[in-house]
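The structure appears right after this line, and notes come after that.
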Amino acid sequence: MSSEFNYEMAAGMEFRDMEACKRARAIKRADVDKHPNGNFDIRVIENEEAFRFAYIMDIASGIKRALDEGRDKYVLILPAPNPNYALLAHTINQLDIPCHHVHTFNMDEYADEDGKTAPRTWKGGFQYWMWNDLFSKIKPELRMPEDQIHFPNTDNINDYTKMLEDLGGADVCYGGIGWSGHIAFFEPHLGREFVGDMDGFLEQGTRIVDLHPITVMQNCLYADAGSAGDWSWVPPKAATVGPKDLVNSKLVSFWDGFGAGESMWQRFISRLAAHGPVTPLVPASMLQIIKSELILSGPVAADCSTETSERRVPIEF
């Protein structure tokens with residue numbers, strides 16, 4: 001009897017090239033950091049504590065280096081909050097690093113069904129946690145001025161890309177690849193109209209978007225949502241930066257290894273984005289063709305096997 005079972009992907013998956021998915025899934029740990037594009041650097045940090053330390057030090061050292069160079073501005077795009085931001089604030093305070101030259105632009109913020117973004121006081125919002133974990137923890141005498149701390153919102157969404165451009169674009173755009181393949185909240189379904197037109201896709205700036213169902217599932221696993229898997233808690237829309245904001249950045253630095261379940265769910269999507277076709281249907285695949293780096297934690301870099309015999313431990317009596 002044959003053990004083969006062939007089927008099509010579930011409805012709702014925007015990228016439906018099964019062969020490309022199989023090739024991505026088959027990439028071994030030993031090959032995951034190899035890529036022919038010299039503009040795209042993939043690295044693996046095996047130890048998870050070292051991974052977190054390296055992320056914090058990467059941000060802090062960039063701020064300090066710009067200060068030492070006498071630069072009057074250093075522009076960062078920052079991803080969704082996570083507890084590691086408190087370590088960044090602690091590092092800045094311990095090393096007495098003035099941040100008066102730093103301009104921050106958060107990637108995204110939740111919005112309701114009418115596109116109205118969450119207020120700073122909402123405990124589920126990105127503004128709330130960025131202030132709670134990072135900005136409020138930096139000593140006042142070291143903290144960047146509040147008018148240099150930016151979040152996309154209902155009022156500025158049509159100007160957010162220009163605000164970045166007026167500062168010369170981001171020096172570094174930090175982020176990570178979403179389960180759906182998104183960048184920030186720029187989702188795969190937004191790429192439908194740009195299939196075959198990657199240049200047009202790369203010209204898209206900030207906007208209010210509908211969240212993809214996979215993104216809703218991903219975000220309801222995080223601590224901000226009580227780690228309860230409560231998909232009803234996640235708002236339906238978000239304000240987000242777009243591909244153009246990454247293109248305009250001097251460096252895009254994506255770090256895959258934070259989040260629910262040690263981010264093992266990123267094993268597949270990191271491979272597909274980094275080694276699969278460059279397509280608007282996998283927005284993060286744009287990393288392959290711009291100045292970017294992708295740093296993977298050990299668990300994310302590990303082999304992406306779907307063979308249950310390799311993962312499942314049998315119960316024996």
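The values are calculated or read from the model by the stated rules, or taken from the named source; none is laboratory data. Fair warning: this is a prediction, and the values are worked out from it, not measured in the lab. Heads up, the Cβs are rebuilt from the backbone with ideal geometry, glycines too, and the neighbour counts pull from every protein chain shown.
Summary table below
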{"read-out": "Conditions (1) modelled with pLDDT under 95; (2) in a helix (DSSP H, G or I); (3) in contact with a Leu (Cβ under 8 Å, 6 or more places away or on another chain); number of the one not met by Met217", "value": "(3)"}
{"read-out": "Qualifying position, being among the acidic types (Asp, Glu) and over 28 Å from Asn153 (Cβ atoms), among Asp96, Asp58, Asp108", "value": "Asp96"}
{"read-out": "Number of the exception - Thr91 against (1) within 18 Å of Pro235 (Cα to Cα); (2) at pLDDT 95 or above", "value": "(1)"}
{"read-out": "Condition check for Ala60: aliphatic (A, V, I, L, M), surrounded by fewer than 14 Cβ atoms within 10 Å (Cβ to Cβ) and within 20 Å of the chain's Cα centre (by Cα)", "value": "no"}
{"read-out": "Out of Phe53, Phe15, Phe5, sole residue that is of a type outside the set (Gly, Ala, Ser), over 20 Å from Ala284 (Cβ atoms) and surrounded by 10 or more Cβ atoms within 10 Å (Cβ to Cβ)", "value": "Phe53"}
{"read-out": "Scope region 135-145; condition in a helix (DSSP H, G or I), out of contact with any helix residue (DSSP H, G or I) (no Cβ under 7 Å at 6 or more places or on another chain) and surrounded by 15 or more Cβ atoms within 10 Å (Cβ to Cβ); matching residues", "value": "Phe135"}
{"read-out": "Inter-residue pairs, beta-carbon under 6 Å, first under 16 Å from Thr215 (Cβ atoms) and in region 110-133, second basic (Lys, Arg) and not in a loop (DSSP other than H, G, I, E, B), 6+ apart", "value": "Ala111/Lys237"}
{"read-out": "Count of region 1-37 residues which are touching a Pro at 6+ places or on another chain (Cβ under 8 Å), at pLDDT 95 or above, of a type outside the set (Phe, Trp, Tyr) and part of a loop (DSSP other than H, G, I, E, B)", "value": "2"}
{"read-out": "Members of region 80-115 that are charged (D, E, K, R), buried (at least 21 other Cβ atoms within 10 Å of the Cβ) and over 15 Å from Cys173 (Cα atoms)", "value": "Glu109"}
{"read-out": "Candidate set: region 38-70, residues that are in a loop (DSSP other than H, G, I, E, B) and among the acidic types (Asp, Glu); chosen: the one nearest to Ile295 (Cα to Cα)", "value": "Glu46"}
{"read-out": "Only one of Ser249, Ser270, Ser253, Ser305 that is modelled with pLDDT of 95 or more, assigned to a loop (DSSP other than H, G, I, E, B), polar (S, T, N, Q) and within 27 Å of Lys34 (Cβ to Cβ)", "value": "Ser249"}
{"read-out": "Residues that are over 14 Å from Pro83 (Cα atoms) and either in a helix (DSSP H, G or I) or among the aromatic types (Phe, Trp, Tyr) (or both), drawn from region 114-134", "value": "Trp122"}
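Quick grid of which residues meet (1) touching a residue at least 60 places away in the same chain (Cβ under 8 Å); (2) in contact with a strand residue (DSSP E or B) (Cβ under 9 Å, 6 or more places away or on another chain); (3) more than 23 Å from Phe254 (Cα to Cα); (4) part of a helix (DSSP H, G or I):
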position	(1), (2), (3), (4)
Thr91	no, no, no, yes
Asn156	no, yes, yes, no
Cys173	yes, yes, no, no
Ile177	yes, yes, no, no
